[in-house]
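The values are calculated or read from the model by the stated rules, or taken from the named source; none is laboratory data. Source: prediction; values computed, not measured. Because the Cβ atoms are built from the backbone with ideal geometry, glycine has one as well, and the counts that use them run over all protein chains shown. The area values use the complete protein model at the heavy-atom level, side chains included, leaving out ligands, DNA and RNA. Shrake-Rupley method; radii C 1.70, N 1.55, O 1.52, S 1.80 Å.
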Amino acid sequence: MAETAIDTVTSVPVAVVGAGPAGLMLAHLLGRAGVETVVVDTRTRREIETTQRAGILEADVARDLVDTGVSDRILRDGHEHEGVELRFGGRAHRIDFKALVGASVWLYPQTDVFIDLADARDRDGGTVHFGVTGTEVLDVTTEAPRVRYTAADGTRHEIRARYVVGADGSRSMCRDLVPEDRRVRYGKEYPFAWFGILTEAPMSAPELIYAHSGHGFALISQRSEAVQRMYFQCSPDESVDAWPDDRVWDTLQARVAGEDGFRLKEGRIFEKTVLRFRSFVQEPMRWGSLALAGDAAHTVPPTGARGLNLALHDVKVLAEVLLRALGEGGDTALDDYQPRALQRVWRAQNFSFWMTQLLHTAPGGTPYDLRRQLGELDNVVGTRAGRTYLAEQYTGWPARAQH
């Protein structure tokens, strides 16, 4: 079959596949240094804006959004949280991040991070093509990789670059460009999922609540003064159709109930989803002229609130090494990327797994398993070392604490 004719050819130092927060933040950081990029994504901007995702940012990530000129909207619309609450045995236990490690996190939805970055790219004249089809990445083992795609109007385009970055999410096609015999994929499937809701209701608490009970896990989060996000543990095969609003609220209330009489503030539920999750890492994160970033290279269960933060850390490191590679460093500068990124990735994998097993009720769990979990939770909240460990991990090992 004859190859489709190419209508335009564009040459840039870096082509980025994937216009989520990772891809756009990389383009933003490179653009600030005078390096031109072209970013493409199969999704429309509207699709990305309306996909509800995680909402906790490390203080360093929040600071980077402001200090690099993306936007200061997080300071106006976000909520700084100086701790979280672990709720178990019918009692509340607050982990004070500020007192323990001098750090905090920010409640700020990923959709808003994306909107800020997309607006910044528009403002700065960056080139981003949403809603493309037929994306191909070619010649990644050479010094002249190419990205081909079809625009919404049916025209076919080619980007010629020195480096290509695959930031195309958890269903990445870029990760498959690493030959099967040269890659290793690590993964773990979890035997439960989260049933998530968005509800029109006032905040039930000023900070996140992670609740462990004999009925199962629940997470009480916030989105704004009037809209809240809540989750409870369910089967991966659960159907939202089997959960009328009354059943949802009864389940959530049972999982946070305690001797203090705490109850959630209820409201109209306007979204219900079942969120399956797993742990995944692919190595290597770089192959020839291709580098992988964010969910294209690794995913974590949402319990530890690490996914978006990891992706933005990846591209912060990647922008630095790409600038060196495009300067006098050459390809050897890229050798720094994987070890620096993977150190944080595997730390986050461990923390996310730890939080998940700490708080969830495994199918077939015995009374012993439940009591053992309560003992571990008591160790966490009842010792300064335990509280400090959780605080350090959750706030993301702030840069000032790094060696």
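So Ala291 fits all but one of (1) on the phi > 0 side of the Ramachandran plot; (2) of a type in the set (Gly, Ala, Ser); (3) surrounded by 20 or more Cβ atoms within 10 Å (Cβ to Cβ); what number is the exception?
Only one criterion is unmet by Ala291, namely (1).
Within segment 208-217, which residues are of a type outside the set (A, V, I, L, M) and open to solvent by less than 30 Å² (accessible area, probe 1.4 Å)?
Going residue by residue through segment 208-217, those that are of a type outside the set (A, V, I, L, M) are 210, 212-217.
Within segment 208-217, Tyr210, His212, Ser213, Gly216, Phe217 qualify.
Taking Gly89, is it in contact (Cβ under 8 Å) with a residue 24 or more places away in the chain, within 25 Å of Phe262 (Cβ to Cβ) and surrounded by fewer than 19 Cβ atoms within 10 Å (Cβ to Cβ)? Full working, then the answer.
Details: in contact (Cβ under 8 Å) with a residue 24 or more places away in the chain: yes; within 25 Å of Phe262 (Cβ to Cβ): yes; surrounded by fewer than 19 Cβ atoms within 10 Å (Cβ to Cβ): yes.
The answer is yes for Gly89.
Considering Gly196, Gly169, which residue is part of a loop (DSSP other than H, G, I, E, B) and either open to solvent by less than 10 Å² (accessible area, probe 1.4 Å) or within 30 Å of Val147 (Cβ to Cβ) (or both)?
Values: Gly196 fails: part of a loop (DSSP other than H, G, I, E, B).
Residue meeting the stated conditions: Gly169.
Restrict the check to segment 87-98 and report whether at least one residue is touching a Lys or Arg at 6+ places or on another chain (Cβ under 9 Å) and among the aromatic types (Phe, Trp, Tyr).
No, segment 87-98 contains no residue that is touching a Lys or Arg at 6+ places or on another chain (Cβ under 9 Å) and among the aromatic types (Phe, Trp, Tyr).
Taking segment 1-32 as the region of interest, how many residues are in contact with a strand residue (DSSP E or B) (Cβ under 8 Å, 6 or more places away or on another chain), surrounded by 22 or more Cβ atoms within 10 Å (Cβ to Cβ), in a loop (DSSP other than H, G, I, E, B) and not hydrophobic (A, V, I, L, M, F, W, C)?
Matching residues across segment 1-32 total 1.
Being part of a helix (DSSP H, G or I), over 30 Å from Gly23 (Cβ atoms) and at pLDDT 95 or above is the requirement here; does Ala99 meet it? Spell out the reasoning first.
On the way: part of a helix (DSSP H, G or I): yes; over 30 Å from Gly23 (Cβ atoms): yes; at pLDDT 95 or above: yes.
Against the criterion (part of a helix (DSSP H, G or I), over 30 Å from Gly23 (Cβ atoms) and at pLDDT 95 or above), Ala99 qualifies.
Look at Thr361 and say whether it is open to solvent by 40 Å² or more (accessible area, probe 1.4 Å) and over 12 Å from Gly304 (Cβ atoms). Write out each step before concluding.
Working: open to solvent by 40 Å² or more (accessible area, probe 1.4 Å): yes; over 12 Å from Gly304 (Cβ atoms): yes.
Here the answer is yes, as Thr361 does meet what is asked.
Could you list, in sequence order, all residues of segment 34-85 that are open to solvent by 40 Å² or more (accessible area, probe 1.4 Å) and part of a loop (DSSP other than H, G, I, E, B)?
Scanning segment 34-85 gives Gly34, Glu36, Thr42, Arg43, Thr44, Thr50, Thr51, Gln52, Arg53, Ala54, Asp72, Glu82.
Just give me the residues in segment 296-318 being part of a loop (DSSP other than H, G, I, E, B), within 24 Å of Leu359 (Cβ to Cβ) and among the aliphatic types (A, V, I, L, M), in sequence order. Steps first, please.
If we filter segment 296-318 for residues that are part of a loop (DSSP other than H, G, I, E, B), which is where we start, we get 297, 300-301, 305-306.
Subsequent filtering for residues that are within 24 Å of Leu359 (Cβ to Cβ) retains 300-301, 305-306.
Those that are part of a loop (DSSP other than H, G, I, E, B), within 24 Å of Leu359 (Cβ to Cβ) and among the aliphatic types (A, V, I, L, M): Val300, Ala305.
Of all residues being among the basic types (Lys, Arg) and open to solvent by 10 Å² or more (accessible area, probe 1.4 Å) in segment 302-339, which is nearest to the chain's Cα centre (by Cα)? Just the residue, please.
Checking each candidate, the answer is Lys316.
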